[in-house]
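A.B. asks: Just passing along the structure, written as structure tokens.
The values are calculated or read from the model by the stated rules, or taken from the named source; none is laboratory data. What you are looking at is a predicted structure, and each value in this text was computed from that prediction instead of being measured. Here Cβ is always computed from backbone atoms with ideal geometry, including for glycine, and neighbour counts include all displayed protein chains.
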Amino acid sequence: MRLIVDENIVTVGVGDLKVAKSPKTIKTSLGSCIGVVLYDNINKIGGMLHLMLPKRNDREGKLSKYADTGIPLLIDLMVKQANANKKLLTAKIFGGAKMFNINSELFDIGKANAIETKKILEKMNISIIAAKTGGTKGSQISIDTNTGIVRCRIFGGQAEEY
Amino acid sequence: MQITKEHIKMLDIIIKISIDNASRAFSKAIKHGALIELARTELVDVSEITEEMNNDFREMAGAMLQLNGALKGKLLFMIPFDGALVLQDYYMCSPQGTSTEFNEYTEATVQEIGNILASSIGNSLASDFGSTVLPTPPQIICDFAGTIFSSLILEEGMIQDKILLIEAKFKIYHSEIDSYFFLLLDIDTMEELLSKLEQSTRGT
């Protein structure tokens, strides 16, 4: 595997989440999964969740794989471990593409992920201030925890800032 | 039943033989010296392996297909766009540097390489396990490395936190091409086949 080692870059894998403070950058690559980016702009604390499915239901496995358990977990970690202020948190969401998949049942899981993500964030009283979801291509996102700006580059396009 | 360390050791040996066969088939297809080397056979955590892969921000062309039959799984051959152009020239027996633009011929090359690898490995595994292995036609996906890899492991990653992954490295002599090759095996069917093999080995 090609590994880029940079202390200020934190990478998030599928079904995982990471929290970091300024000046770190948190990044991931998305397909049908949703990347939820939360940011406390006063304390400069960022969190990123890379979720795979909308609801956990009776499944076992990591809580961070699912929107309904992963988003509360991310908020909990940001507040209790990183001392973020929940009232200051805002959200930006990305990904949820309609990707190629061998199993046609998973063909539009991205849309279901996006819908559930918005529902959960609304329930947790966190405003979504930017969203770039859907499409048919993957995306790369990164949040600069110093500014809260998220750079999103969709495959085949230029990077845009949110 | 679970995949044990002994199972992994057995599988490692079997896969090495399959990869050797695939290496020969690959060299023959591109009419140039090449070597495929087994890098790892292990149970890996989905989040950890995708975190590694998400550090590669390159744009890639991938040939992905499913293995059906007694042994189930998926196979992914993935190469950066510039590497695919070099591969295309080898495959088409054109002077290096002829292919300059990624197009349907490049996609077809990647697809065909995926087909050759799948057939070679599928035949080898079928022979070793005494079972049928039926690869589907490869489908091409062009996207970021991390995104393509996520598509490979998505279904399995939804059900379990660990997956049985085989990774191999490609080396094409006198070139700087690097590419990825992954074989993702269904744990349940693999465990059944390995246990049968273990029993038959003890019985002889």
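A.B. asks: In the stretch B:1-40, which residue that is touching a residue at least 40 places away in the same chain (Cβ under 8 Å) and among the polar types (S, T, N, Q) is surrounded by the most Cβ atoms within 10 Å (Cβ to Cβ)?
C.D. replies: The selected residue is B:SER18.
A.B. asks: Can we say B:LEU134 is not polar (S, T, N, Q) and not in a helix (DSSP H, G or I)?
C.D. replies: For B:LEU134, the condition - not polar (S, T, N, Q) and not in a helix (DSSP H, G or I) - is met.
A.B. asks: Could you run through the stretch B:142-164 and say how many residues are in a strand (DSSP E or B), among the hydrophobic types (A, V, I, L, M, F, W, C) and either within 10 Å of chain A (Cβ to nearest Cβ) or over 20 Å from A:GLY31 (Cα atoms) (or both)?
C.D. replies: 3
A.B. asks: I'd like the residue in the stretch B:64-113 that is aliphatic (A, V, I, L, M), without any contact (Cβ under 8 Å) to a residue 60 or more places away in the chain and under 21 Å from B:ALA22 (Cβ atoms) and, out of all such residues, is farthest from the other protein chains (Cβ to nearest Cβ).
C.D. replies: Here the residue is B:MET92.
A.B. asks: For the stretch B:54-63, which residues satisfy the criterion of being crowded, with 24+ Cβ neighbours inside 10 Å and either without any contact (Cβ under 8 Å) to a residue 60 or more places away in the chain or more than 7 Å from chain A (Cβ to nearest Cβ) (or both)?
C.D. replies: Correct list: B:MET60, B:ALA61, B:GLY62, B:ALA63.
A.B. asks: Taking the stretch A:27-59 as the region of interest, how many residues are more than 9 Å from every other protein chain (Cβ to nearest Cβ), of a type outside the set (D, E, K, R) and either surrounded by fewer than 24 Cβ atoms within 10 Å (Cβ to Cβ) or in contact with a His (Cβ under 6 Å, 6 or more places away or on another chain) (or both)?
C.D. replies: The total comes to 6.
A.B. asks: If you don't mind, another one. Under 9 Å by Cβ, and 6 or more places apart or on different chains, what pairs join a residue from the stretch A:1-13 that is outside any loop (DSSP other than H, G, I, E, B) and among the hydroxyl-bearing types (Ser, Thr, Tyr) with one that is at pLDDT below 75 and exposed (fewer than 11 other Cβ atoms within 10 Å of the Cβ)?
C.D. replies: Taking only residues 6 or more apart or on different chains, the pairs are A:THR11/A:ILE4.
A.B. asks: Could you check the stretch B:83-115 and list, in sequence order, the residues that are under 14 Å from the mean Cα position of the chain (by Cα) and either surrounded by fewer than 20 Cβ atoms within 10 Å (Cβ to Cβ) or not β-branched (Val, Ile, Thr) (or both)?
C.D. replies: If the condition is that a residue be under 14 Å from the mean Cα position of the chain (by Cα) and either surrounded by fewer than 20 Cβ atoms within 10 Å (Cβ to Cβ) or not β-branched (Val, Ile, Thr) (or both), then B:GLN111, B:GLU112, B:GLY114, B:ASN115 are the ones that fit.
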